[in-house]
Amino acid sequence: KRVAVLISGSGSNMVKLAEAAASEDFPAKIVAVISDKPDAGGLQKASALGIPAYALPRKDYASKAAHEVAILDALAELRPDYLCLAGFMRLLSADFIRAYHGRIINIHPSLLPLFPGLDTHQRAIDAGMRIAGCTVHFVTEGMDEGPIIAQAAVPVLPGDDAATLAARILTVEHQLYPQALKRLTAGDVRMEGGTAVFAEGVS
Ligand code: GRF
């Protein structure tokens, strides 16, 4: 299977997806990395890994719609079966998502449905949570609300601030996302009728 990864920043999750996909028994290949930010650190990392990397800066386009058309046109050339959002900080329109129905996944740094949106770690700390975590989910029209594919719980430790909690969760994201992508591209899970449907015998 062909996978394109969309990033906006450092791309640490993209690197882990690429490293996992490089092994023989992984049922997918990362065919490209696309960023909406020309200075995204992940673009250099992708190139260093030999993955075609494209910057499509939002500021180069007159509107959100025109920007999305540019991304869709680039993707049409790349023919990905799936898209992975990895630190991609834009909301995709319903039209864009429809074009890849059930084939876009995202990693979010909270245990959804708790703490959708931004500043998830500070919000978890402010709420007095003792457990936080991360979620891989199908991307649907609403923000951070698509069917959940995988989650991992991470303890909130005394004295944690947003940075220490974020770092602990990011390490777990780096294991959870490649695992989830492997299951998705192996056909062990798919989105059907608005829910994540798992193949027989998949735990
Ligand atoms: C990560 O916390 C991820 O959960 C969120 O963006 C952050 C940065 O990701 N989506 P990356 O280092 O750019 O992969």
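Brief remarks follow.
- Cα pair count fraction exceeding 20 Å, expressed as % - the stretch 79-150: 30 percent
- For the chain, the number of Lys pairs separated by eight or more positions or lying on different chains, with C-alpha atoms closer than 24 Å, is 16.
- Note on the chain: antiparallel DSSP beta bridges, both residues inside, total approximately 50 percent of the bridges counted.
- For the chain, the relative contact order comes to 19 percent (Cα pairs under 8 Å, sequence separation of at least 6).
- Rounded to whole numbers, the Karplus 3J(HN,Hα) couplings from phi for the stretch 150-166 are 7, 9, 9, 8, 9, x, 8, 9, x, x, 4, 10, 4, 5, 5, 5, 4 Hz, using 6.51 cos²θ - 1.76 cosθ + 1.60 with θ = phi - 60°, and x at Gly and Pro.
- Solvent-accessible area per residue in the stretch 21-154 equals 48 Å², computed with a 1.4 angstrom probe and all protein chains kept.
- Computed over the stretch 23-106, the range of Cα coordinates on each principal axis works out to 41, 29, 22 Å, biggest value leading.
- In degrees, nearest ten, helix 64-78 long axis to first principal axis of the chain (Cα): 70 degrees
- Semi-axes of the equivalent ellipsoid of the chain are 25, 20, 18 Å, computed as sqrt(5λ) over the eigenvalues of the C-alpha gyration tensor in descending order.
- Loop-resident trypsin sites (Lys or Arg not before Pro) (DSSP state other than H, G, I, E or B) in the stretch 49-123 with no more than 12 further Cβ atoms inside 10 Å of their Cβ are absent.
The values are calculated or read from the model by the stated rules, or taken from the named source; none is laboratory data. Since the model is a prediction, treat every value here as computed from it, not as a measurement. Reconstructed Cβ throughout: ideal geometry from the backbone, glycine too, with neighbour counts over all protein chains shown. Keep in mind that these areas ignore ligands, DNA and RNA; they rest on the heavy atoms of the full protein, side chains included. Shrake-Rupley method; radii C 1.70, N 1.55, O 1.52, S 1.80 Å.
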